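Participant: Take a look at this one; I'll ask things after.
The values are calculated or read from the model by the stated rules, or taken from the named source; none is laboratory data. Quantities reported herein were computed from a predicted structural model and do not represent experimental measurements. Note that we place each Cβ from the backbone using ideal geometry, even for glycine, and neighbour counts take in every protein chain shown.
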Amino acid sequence: MAKKTGRYAFAFEKNIYIAGYGNIAGKKEGQGPLGGLFDRIEPDLYCGRKTMEQAEVRMQQTALENALRRAGIGREELDLVGAGDLLNQCISSAYSFRDSDVPYIGLYGACSTMALSTLIAALSIEAGVAKTAAAFTSSHFGTAERQYRFPLEYGGQRQPAAQHTVTAAGAVILHEKKSPVRLAGGAFGSIQDLGVTDSSNMGGAMAPAALRLILDYLRETATSPADYDLILTGDLGAIGAEIVVDLAARNGVNLHSNYQDCGLLIYDRQKQDMHAGGSGCGCSAAVLTACVLPRIIEGTLKEVLFLSTGALMSPLSVMQGESIPAIAHLIHLKGERE
């Protein structure tokens, strides 16, 4: 079983590897700095379907198909699937897998879902429940706007602190057969709530959860930022990422040299006018599978801490004036090239 090294951090005792990965991104994401790295760019927000919700389902299916292809297996060979998204009852994930008889776990971690689903899939292998497991998630600009704010037709003006919900999906396949990327350990974070009530400032709401887990993981594993080639948070954007770096420095931890945020990597904020950057479950999923994993495989990255961050609120809680609790989950990835 996984070995706890502290209250939050744990190490896998089995060798669990990423056997395959896949992704798909929307038109705006394809126009960003990572555009040439995605498996597929979908130019149509509807993906040829009748609704944008159906489009998000298709994006998940495509990302998973790409991951299975790289792993060299079929969907029927999966022993377990963990997935989630931003929509009510996680319908994108449920509908994308409703025609399969593979055991399925629906997960809701908001934008932290990519790390959450990957950890759950890995722990199922560690526990002997599965030999091969999949983890995937997605987000879609149109579906998220309809659920959390207003339909696109409303044409509401976005605040300067707002982030653009990424239209993308990402998937990974895990098993015990040796591959270039190994999951060395991870950590489930605790909910942090510092009283932020501005639903446009997701980065500010999520930053405390990311910072807390980074500091706890470094302390419990007796490591420092210098031990990692990259420490990557999910979708804090410009405001949240700046808060993390600043508060980490106040705690004696220097993140200036090897820290990045997926929400800042996926768009060119100046040329694309994306305000504070990207957000959504698909943000960290797309960056992980299109940018980070290939670099680990080619050997330019060897030690990576990947954190997905999520704001655990709903439209109703915002309308009632509630503050925004946040969560972060962490995966330690290691490159193991021959």
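Participant: Identify the residue in region 77-93 that is surrounded by fewer than 24 Cβ atoms within 10 Å (Cβ to Cβ) and either at pLDDT 95 or above or basic (Lys, Arg) (or both) and, among all such residues, is nearest to Cys283 (Cα to Cα).
Facilitator: Leu80
Participant: Pairs, please: C-beta under 6 Å, at least 6 apart or cross-chain, first residue assigned by TED's automatic domain parsing to the domain that holds Leu312 and in region 108-127, second in a helix (DSSP H, G or I)?
Facilitator: Close Cβ pairs satisfying both conditions: none exist.
Participant: Same structure again: With respect to Asp198, determine if the residue is modelled with pLDDT of 95 or more and more than 18 Å from the chain's Cα centre (by Cα).
Facilitator: Criteria not met by Asp198.
Participant: Test each condition in (1) part of a loop (DSSP other than H, G, I, E, B); (2) modelled with pLDDT of 95 or more; (3) of a type in the set (D, E, K, R) for Glu56 and report the one that comes out false.
Facilitator: Every listed condition holds for Glu56 apart from (1).
Participant: Next up: Could you check region 302-322 and list, in sequence order, the residues that are hydroxyl-bearing (Ser, Thr, Tyr) and modelled with pLDDT of 95 or more?
Facilitator: Result: Ser308, Thr309.
Participant: Filter region 2-27 for residues that are in contact with a Phe, Trp or Tyr (Cβ under 9 Å, 6 or more places away or on another chain) and assigned by TED's automatic domain parsing to the domain that holds Gly142; which is farthest from Phe141 (Cα to Cα)?
Facilitator: Here the residue is Gly22.
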